[in-house]
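Report on the following structure.
Please treat every number below as a calculation from the coordinates, not as lab data. None of these values were measured; they are calculated from a predicted model. Every residue, glycine as well, gets a Cβ built from its backbone with ideal geometry; the counts of neighbours run over all protein chains shown.
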């Protein structure tokens, strides 16, 4: 698997964001994107359970990174999240994202979070809109901090 780049200040992946999740993502040879994460006590909602908003942010980033793995830059158009089981604090979970459909202007993707026992805890589907090349050029300065840390 190939490690994906991280930004400086993104809430989910930012290397230098002291209040962020600082997640790392990996592109698989199968076109999917993978990550693992261990929620910390400060990510809690109900006792011992990760906050649903943070879970949603993780899945949004994960599905968006399936586009990045295909060298597509997109923004979220819609995201639907289904919570099936609580995500426990302190236990490592596995994430997997994939593109399910792609058109010229958009892509659809799916993401999931599995618990340590392999059971499905959360799944999401989303539509992501491609950023026009002209707008992407405007973002270039912000993307200067986008790199893979060894």
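Got a sec? How would 87, 148 order by Cβ neighbour count within 10 Å, fewest to most? Could the numbers behind the result be given before it?
Numbers: 87 24, 148 10.
Ascending number of Cβ neighbours within 10 Å: 148, 87.
Within 10 Å of each residue's Cβ, count the other Cβ atoms and sort 95, 54 from fewest upward. Mind dumping the intermediate values first?
Working: 95 24, 54 19.
By the 10 Å Cβ count, ascending: 54, 95.
Can you give the percent of C-alpha pairs in the chain whose distance is more than 29 Å? Don't jump to the answer; show the numbers that get you there.
Details: 1451 of 11175 pairs.
Across the chain, Cα pairs with separations above 29 Å total 13 percent.
Where is the GNM fluctuation largest for the chain (alpha-carbon springs, 10 angstrom cutoff): 42, 112, 123?
Per the Cα network of the chain with a 10 Å cutoff, 42 tops the list.
Over the chain, what is the mean sequence separation of C-alpha contacts under 8 Å (at least six apart), divided by residue count, expressed as relative contact order in percent?
24 percent
Name the most mobile residue of 24, 104, 40, meaning the one with the largest mean-square fluctuation, in a Gaussian network model of the chain with Cα contacts below 10 Å.
In this elastic network of the chain, the residue with the biggest mean-square fluctuation among 24, 104, 40 is 104.
Compute the Cα gyration tensor for segment 1-74, then decide on rounded, prolate or oblate, letting a ≥ b ≥ c be the square roots of its eigenvalues: rounded whenever a/c is under 1.5, prolate when a/b is larger than b/c in the other cases, and oblate in all that remain.
On the way: a/c = 2.15, a/b = 1.73, b/c = 1.25.
Judged from the Cα gyration tensor, segment 1-74 comes out prolate (a/c at least 1.5, a/b above b/c).
Pairing the Cα long axis of helix 52-69 with the longest principal axis of the chain, what angle in degrees results, from 0 to 90 and rounded to the nearest 10?
That helix lies at roughly 40 degrees to the long axis.
If you wrap a convex hull around the C-alpha atoms of segment 32-113 and split its volume per residue, what is the figure in Å³? Provide the component values of the computation, followed by the final result.
Working: hull volume 7.3 nm³, N = 82.
Hull volume normalised by residue count: 89 Å³.
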